[in-house]
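A quick write-up on the structure given underneath.
The values are calculated or read from the model by the stated rules, or taken from the named source; none is laboratory data. Here the structure is a predicted model, which is why all the values come from computation and not from measurement. Here the Cβ is made from the backbone with ideal geometry for all residues, glycine too, and neighbour counts use every protein chain on show. Just so you know, the surface numbers come from the protein's heavy atoms only, side chains and all, with ligands and any DNA or RNA stripped out. Shrake-Rupley method; radii C 1.70, N 1.55, O 1.52, S 1.80 Å.
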Amino acid sequence: MNVVTIFSIILFGIIIFLIIRTLTKSFKFSAKNNKVQIDNNKVLEYKNLIDNNKSLKTTDKIRAFILILLLICVVIIIIVFLNKINPIFIIILTVILSIIYIVINAKYTKDFKISIVSEALKHYDANLSYNPSLGIPRNDYIYADFENFDRYTSEDLISGNILNCPFIMSDVKTEIVEKDNEGRTNYITVFSGVVAKINLNKNINSFIYIINNSLRLFDGKYKINIDNESFTQRYDTYSDNEVLTMRILTPNVTTSILDMENKTGIKFEIKISNDIIFFRFYTNDLFDAGQSTQKSAENLVYSIELIDDMKNIIASILEVLQDTEV
Amino acid sequence: MKLYIILGILAVIIIWFICTLNKFIYLRRRIDRSKSLIDVYLKNRFDLIPNLVECCKGYSNYEKNTLTEIAKLRSSYEKNNDEESGEKLNNHYKKLVALIENYPELKAGENFLNLQKNLEKVESEIAASRRIYINDITRYNTLTKSIPANIIAKIFNYEELSYPILETEEIKINF
């Protein structure tokens, strides 16, 4: 086997991987969260929003065209291999097309986030704004005390007010750094998902931690039994103040938490620490551009519905907190 | 080999026995604890009665009897701390809360507003502690009825418990 053949095989593998990855990424939401019921009218609404953006539409068309060319190149590579023809020309072409595709796809994602997501969020709630280059500050995440980590990255910040409470939400990734026996550094992802932080107008001087029990292996200290069987079957609750937890986790609140999981199919944690509520969702990045306008619109609806469901939980907690002295 | 199997089975049974018995002990202790938690919050409720009576004095000339009766019942409850006087005091407390609804001028006072907040808090705490108590009893009762834990319940006389008395019911503060 000569060098060109080996190089062709590697390139072929990379292209197949890229295509599969791109296609599966756009279907991630529907595949992973098969319980999600997406409102078709809303999808249509956001699809129109994307279609009306001419520059984005052009980028999308170019992107689709290059993807088709790449697929043709793959077929040609196979044919060239089978006929033992020198594949150098087609390899160079495929490499160039792959680079162009990656650049155009990145441009599409960036444009989508800047123009469409901001508009969609304003459309949902005028109080919310979006900045793809910012994220939840590291110190805020440390305050939540979810886990220990060495590296922290956060982007796609949504900020504003929800029910008159300051609110921020963004994609977060935490990693720990480990060195193996040969001295190589490995980065192990501890958490990758979405985190939201809401400042309450009341300090509970305590903590309440609600976690989906599939995310936890062992019972920890301060476990509390909530008097809602369907809730305890799915969630573990921890707190240093049992009475306060029972006051806050009224049947209304527990039902809204269960409703959110039923609706979105996402596993999540809620942590109330003094005057702050943290939500941590084990999901893909929100507001990602899909491989088609339809998928991008679905992702938008999905992301906004997640915020809306979270709003319902916050509303039911705030109702309890506002009604009584803590 | 057979001996090891028998010993293994015996070890499993003994471990299960100890664990289940400990669970019974733990749940009974929890029930006692949550019952005393209710008592603490009930005491807080009754501790607010003198303030409530004081607030009402100036306004409710017609209900003087009720106020005097409540004051008597409270001292009797503090002396005896029994269920009967607690229930009587509770009934009068409910009456007093209902009476306040008739005095809009009383509800506007700053002292009363503070008192109202405290009353709401204590009622919410009673409701929460009552839920904890009922939940603990439910868990315990479920264990006494479930197979094979009911064998241990019978051996050690862990009988099914009844649910809490009316005294602990939450009173809605909607002044």
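For the reader, a short list of remarks on this structure follows.
- Scanning the range B:31-47 for residues that are open to solvent by 30 Å² or more (accessible area, probe 1.4 Å) and either over 24 Å from B:A153 (Cα atoms) or touching a Lys or Arg at 6+ places or on another chain (Cβ under 8 Å) (or both) returns B:L37, B:D39, B:V40, B:Y41, B:K43, B:N44, B:D47.
- The condition (being part of a helix (DSSP H, G or I) and either modelled with pLDDT of 80 or more or open to solvent by less than 60 Å² (accessible area, probe 1.4 Å) (or both)) is satisfied by just one residue among A:L97, A:L23: A:L97.
- Taken over the range A:289-313, the criterion of being open to solvent by 20 Å² or more (accessible area, probe 1.4 Å) and among the hydrophobic types (A, V, I, L, M, F, W, C) is satisfied by A:A289 alone.
- Residue count for the range A:258-272 satisfying the condition of being over 19 Å from the mean Cα position of the chain (by Cα) and open to solvent by 20 Å² or more (accessible area, probe 1.4 Å): 1.
- In this entry, A:I76 is excluded by the filter for residues that are loosely packed, with under 13 Cβ neighbours inside 10 Å, aliphatic (A, V, I, L, M) and over 17 Å from the mean Cα position of the chain (by Cα).
- In the range A:213-226, residue farthest from the chain's Cα centre (by Cα) [restricted to those that are of a type in the set (A, V, I, L, M, F, W, C) and open to solvent by 30 Å² or more (accessible area, probe 1.4 Å)]: A:F218
- Among residues of the range A:215-226, those that are within 22 Å of A:I314 (Cβ to Cβ) and within 12 Å of another protein chain (Cβ to nearest Cβ), counted: 2
- If only residues of the range B:124-155 that are of a type in the set (S, T, Y) and surrounded by 13 or more Cβ atoms within 10 Å (Cβ to Cβ) are counted, the one that is farthest from the other protein chains (Cβ to nearest Cβ) is B:T144.
- The range A:109-127, residues that are touching a helix residue (DSSP H, G or I) at 6+ places or on another chain (Cβ under 7 Å) and surrounded by fewer than 20 Cβ atoms within 10 Å (Cβ to Cβ): A:D111, A:S115, A:E119, A:Y124
- Residue count for the range A:264-285 satisfying the condition of being in contact with a Phe, Trp or Tyr (Cβ under 8 Å, 6 or more places away or on another chain) and over 30 Å from A:N203 (Cα atoms): 1.
- Looking only at the range B:92-123, residues that are open to solvent by 20 Å² or more (accessible area, probe 1.4 Å) and either within 9 Å of another protein chain (Cβ to nearest Cβ) or among the polar types (S, T, N, Q) (or both) come to 8 in all.
- Residues considered: A:T237, A:T255, A:T232. Of these, the only one that is farther than 19 Å from A:E319 by Cα, open to solvent by 10 Å² or more (accessible area, probe 1.4 Å) and of a type in the set (S, T, Y) is A:T232.
- Residues that are over 17 Å from the mean Cα position of the chain (by Cα), aliphatic (A, V, I, L, M) and assigned by TED's automatic domain parsing to the domain that holds A:T283 do occur in the range A:138-147.
- Residue check, A:K61 free of Cβ contacts under 8 Å to residues at least 24 places away in the same chain and not aliphatic (A, V, I, L, M): yes
- B:Y158 being among the hydroxyl-bearing types (S, T, Y), in a loop (DSSP other than H, G, I, E, B), more than 8 Å from every other protein chain (Cβ to nearest Cβ) and more than 20 Å from B:I25 (Cβ to Cβ): no
- Exclusive hit being in a helix (DSSP H, G or I), of a type in the set (A, V, I, L, M, F, W, C), under 30 Å from B:K72 (Cβ atoms) and at pLDDT below 95, set B:L3, B:L42: B:L42
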